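I have placed the structure first, in the form of structure tokens, so that the comments after it can refer back to it.
The values are calculated or read from the model by the stated rules, or taken from the named source; none is laboratory data. Model, not experiment: these values are computed from the prediction. Every residue, glycine among them, receives a Cβ derived from its backbone with ideal geometry; neighbour counts consider all protein chains shown.
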Amino acid sequence: MSSAISVRHLTKDFRVGLRGLKLRAVDDVSLEIPRGQVYGLLGPNGCGKSTTLKIVLGLVSATAGEVSILGCPSATPEARRRTGFLPEAPYFHKFLTGRELVRYCARLSGVASADVAAAVDDALALAAMTEAADRAVGTYSKGMLQRIGFAQAVVHDPELVILDEPTAGVDPVGASAIGRMIHAMRAKGKTVVLCSHLLGQVEQVCDRVAIMDRGKLVLEGRVEDVLSRRDRHVLTVEAMTPAAREAAEAALAAHGAKVTSVTHPRRSLEDLFRELVTGSRDA
Amino acid sequence: MQASLQRISWISRVTFLEAVRQRFFAFLLVLGAAMALSSVSFRVLDFGHGELKFIADFGFGGMFLFGSVLAVVMTAQLFFSEMDNKTALTLLAKPLGRGEFLLGKFAGAWAVLGVFVAVLSGLLGLVLWAREQELMLLAEQTGKVPATFSAGGLAQFALLQWLRLGVVAAIVLAISALARTFLYAVVVGALAVVAGQLQWIAQDAVLKPSESPAYEAVLWLTSRLLPNLQQFNIGDALVLSAGGVEAGAVLSVVLAGVAYVVAYVFLGTLLFRRREI
């Protein structure tokens with residue numbers, strides 16, 4: 001079975017200024033994104049990740065290299081029919097209601113008229129937007145815009161969903177809701193490509209990550225593999241007394257091991273925030 | 001094919017809804033309507049022409065002026081709002097061809113221009129009819145031949161104006177597909193309208209012999225690339241002189257207009273395909 005996305009030796013140059021100076025945004029990037037996984041594409045601003053996604057979606061042409069989606073050349077309508085996309089900071093026609101917007105996108109994505117109503121309801125439910133679906137998009141908060149954007153991206157039940165900064169400007173509760181949507185897509189066997197600056201969220205939801213810097217791919221692999229340090233171990237101990245610590249260190253030393261640091265475990269600020277702000281939604 | 005037409009239809013529907021909500025459209029519609037309705041009050045300024053001709057010319061002028069402004073500015077705005085707000089990113093990431101997108105934008109803009117022409121023509125027809133009734137009564141009393149107008153001719157003229165504005169909208173869309181900014185598209189679009197109004201000069205010059213082949217080539221190219229927008233201005237002959245237009249003349253203007261619309265939308269599609277979103 002072919003990869004969800006296959007990128008081979010992708011290069012993209014932009015011409016800037018009157019003299020047409022060449023700016024290399026993507027430099028010989030090769031990636032294979034397997035099906036059925038959540039894949040994180042990370043990197044600082046201007047590293048070329050959004051350009052890579054736009055080339056994958058056929059919105060920008062590549063200077064060199066090949067890109068295919070689910071085995072089809074990426075610029076074809078067939079490839080886009082099986083792909084859903086949520087752009088960074090999405091903006092939609094303000095005068096449409098959420099339901100009208102999702103229906104509009106469903107029709108453009110090729111959903112048959114007989115199936116549109118059910119598909120729209122399912123997508124709205126998945127994005128937790130059913131209650132606000134009949135309000136004008138212009139009245140939505142930023143978090144709701146991201147969620148309705150997610151609904152329009154998945155309304156045609158795509159095999160591949162590409163999310164560009166889905167949690168940008170969204171509070172932790174909203175970001176957590178989007179994380180749940182991503183988990184739901186993975187549970188359905190979909191491939192999700194997530195482009196994000198929220199490293200904590202990427203670590204939580206992604207199976208694999210790739211890191212780009214200055215147009216180049218600098219690291220790629222399974223999250224567990226790239227984050228774990230195989231030469232170090234962490235033990236979490238309850239009710240440890242000084243005597244117990246000394247005994248433990250002596251026992252480890254007897255086997256040639258050495259304790260390098262002893263600290264108290266911390267929870268993340270995000271976990272604390274979510275614990276305190278329970279049940280709050282931005283709807 | 002059917003799926004493609006459905007996608008074009010959805011793009012045009014949303015474009016139409018977006019356009020009719022614009023204050024700019026309402027503003028020009030009110031201005032045009034006010035001009036058509038107020039023509040009766042201004043007829044005292046007429047210097048010797050028939051009253052109905054004065055009223056009709058006033059209405060035609062409003063339709064031409066405000067219709068042209070609407071066709072240039074609104075069409076460019078509808079295109080650049082999708083680009084600048086990045087809604088085009090969301091739409092073009094779907095199985096929607098660039099040609100379908102552009103055709104949908106054109107159809108939506110042209111439908112709005114159709115509403116504009118229909119409203120103004122309806123009002124102009126109403127004003128002409130009301131004054132015609134008064135003049136007929138007056139003619140009966142004085143024993144003169146009453147002045148009349150042709151409602152069918154007015155309908156044909158409205159159709160030609162709609163087509164003329166369609167040609168302008170298609171030109172502006174083709175320019176927008178290439179332009180990087182809204183302002184550039186509006187300025188070049190407005191210049192194209194002026195050039196289209198003066199195209200007959202190039203057409204006349206082509207017929208005269210010249211010693212410079214380069215000059216002849218430029219004239220020939222200009223007269224082919226730019227539509228002659230003056231050919232749509234046959235309102236007087238259609239509305240005020242029964243049988244004033246030769247059989248087939250309207251049809252040939254319609255065919256020329258449709259050909260230019262198709263050509264410019266096709267050119268716009270070719271240019272838009274190369275554009276990076």
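Table: residues versus (1) in a helix (DSSP H, G or I); (2) surrounded by 13 or more Cβ atoms within 10 Å (Cβ to Cβ); (3) polar (S, T, N, Q).
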residue	(1), (2), (3)
B:LEU221	yes, no, no
B:ARG224	yes, no, no
B:GLN230	yes, yes, yes
B:ALA247	no, no, no
B:VAL250	yes, yes, no
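Looking only at region A:1-38, how many residues end up being under 20 Å from A:ARG208 (Cβ atoms), part of a loop (DSSP other than H, G, I, E, B) and not polar (S, T, N, Q)?
5
Does B:PHE149 satisfy being under 13 Å from B:PHE64 (Cα atoms) and among the aromatic types (Phe, Trp, Tyr)?
no
Within region A:139-149, is there a residue that is under 30 Å from A:VAL29 (Cα atoms) and more than 9 Å from every other protein chain (Cβ to nearest Cβ)?
Scanning region A:139-149, I find at least one residue that is under 30 Å from A:VAL29 (Cα atoms) and more than 9 Å from every other protein chain (Cβ to nearest Cβ), so the answer is yes.
Every residue, every condition in (1) modelled with pLDDT of 90 or more; (2) in contact with a helix residue (DSSP H, G or I) (Cβ under 7 Å, 6 or more places away or on another chain); (3) under 26 Å from A:VAL226 (Cβ atoms); (4) surrounded by fewer than 22 Cβ atoms within 10 Å (Cβ to Cβ), yes or no:
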{"site": "A:ILE5", "(1), (2), (3), (4)": "yes, yes, yes, no"}
{"site": "A:LEU18", "(1), (2), (3), (4)": "no, no, no, yes"}
{"site": "A:LEU21", "(1), (2), (3), (4)": "no, no, no, yes"}
{"site": "A:VAL26", "(1), (2), (3), (4)": "yes, yes, yes, no"}
{"site": "A:LEU31", "(1), (2), (3), (4)": "yes, no, yes, yes"}
{"site": "A:TYR39", "(1), (2), (3), (4)": "yes, no, yes, no"}
{"site": "A:GLY65", "(1), (2), (3), (4)": "yes, no, yes, yes"}
{"site": "A:PHE95", "(1), (2), (3), (4)": "yes, yes, no, yes"}
{"site": "A:ALA106", "(1), (2), (3), (4)": "yes, yes, no, no"}
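Please verify whether B:ILE11 is over 19 Å from the mean Cα position of the chain (by Cα) and within 14 Å of another protein chain (Cβ to nearest Cβ), treating the condition exactly as stated.
Yes.
Which of the helices (runs of 4 or more DSSP H) contained wholly in region B:139-207 include at least 1 residues that are more than 13 Å from the chain's Cα centre (by Cα) and acidic (Asp, Glu)?
B:199-207
Scan region B:97-129 residue by residue and report those that are without any contact (Cβ under 8 Å) to a residue 40 or more places away in the chain and of a type in the set (Gly, Ala, Ser).
B:GLY122, B:GLY125
Given the structure, is B:GLY104 within 14 Å of chain A (Cβ to nearest Cβ) and crowded, with 22+ Cβ neighbours inside 10 Å?
yes
Within region A:39-69, count every residue that is in a loop (DSSP other than H, G, I, E, B) and within 13 Å of another protein chain (Cβ to nearest Cβ).
Matching residues across region A:39-69 total 7.
Table: residues versus (1) within 14 Å of chain A (Cβ to nearest Cβ); (2) closer than 24 Å to B:GLN231 by Cβ; (3) more than 20 Å from the chain's Cα centre (by Cα).
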residue: B:MET1; (1), (2), (3): yes, no, yes
residue: B:THR15; (1), (2), (3): yes, no, no
residue: B:ALA34; (1), (2), (3): no, no, no
residue: B:SER38; (1), (2), (3): no, no, yes
residue: B:MET63; (1), (2), (3): no, yes, no
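Could you look through region A:133-152, keep only residues that are of a type in the set (A, V, I, L, M, F, W, C) and over 20 Å from A:ALA168 (Cβ atoms), and pick out the one that is surrounded by the most Cβ atoms within 10 Å (Cβ to Cβ)?
The extreme case among them is A:ALA133.
Given the criteria closer than 21 Å to A:GLY149 by Cβ and either polar (S, T, N, Q) or not in a loop (DSSP other than H, G, I, E, B) (or both), does A:ALA106 qualify?
yes
Could you give me the residue pairs with C-beta distances under 6 Å whose first residue belongs to region A:114-125 and is assigned to a helix (DSSP H, G or I), whose second residue is hydroxyl-bearing (Ser, Thr, Tyr) wherever it lies, and which are 6+ apart or on separate chains?
A:LEU124/A:THR130
On the given criteria, is B:VAL239 modelled with pLDDT of 85 or more, part of a helix (DSSP H, G or I) and either within 19 Å of the chain's Cα centre (by Cα) or surrounded by 15 or more Cβ atoms within 10 Å (Cβ to Cβ) (or both)?
no
If we scan region A:154-164, do we find a residue that is among the aliphatic types (A, V, I, L, M), more than 25 Å from A:THR97 (Cα to Cα) and not in a helix (DSSP H, G or I)?
Checked region A:154-164: at least one residue is among the aliphatic types (A, V, I, L, M), more than 25 Å from A:THR97 (Cα to Cα) and not in a helix (DSSP H, G or I).
With a cut-off of at least 1 residues that are touching a Gly at 6+ places or on another chain (Cβ under 8 Å) and more than 30 Å from A:GLU159 (Cβ to Cβ), name the helices (runs of 4 or more DSSP H) lying wholly within region B:1-104.
Counting at least 1 such residues, we get B:2-20, B:23-38, B:51-84.
Scanning region A:213-235 for residues that are in a loop (DSSP other than H, G, I, E, B) and of a type in the set (D, E, K, R), which turns out surrounded by the most Cβ atoms within 10 Å (Cβ to Cβ)?
That would be A:ARG214.
On the given criteria, is A:GLU88 surrounded by fewer than 19 Cβ atoms within 10 Å (Cβ to Cβ), within 12 Å of chain B (Cβ to nearest Cβ) and in a loop (DSSP other than H, G, I, E, B)?
yes
When region A:173-207 is examined, which residues are found to be crowded, with 21+ Cβ neighbours inside 10 Å, in contact with an Asp or Glu (Cβ under 8 Å, 6 or more places away or on another chain) and not in a helix (DSSP H, G or I)?
A:LYS190, A:THR191, A:CYS195, A:SER196
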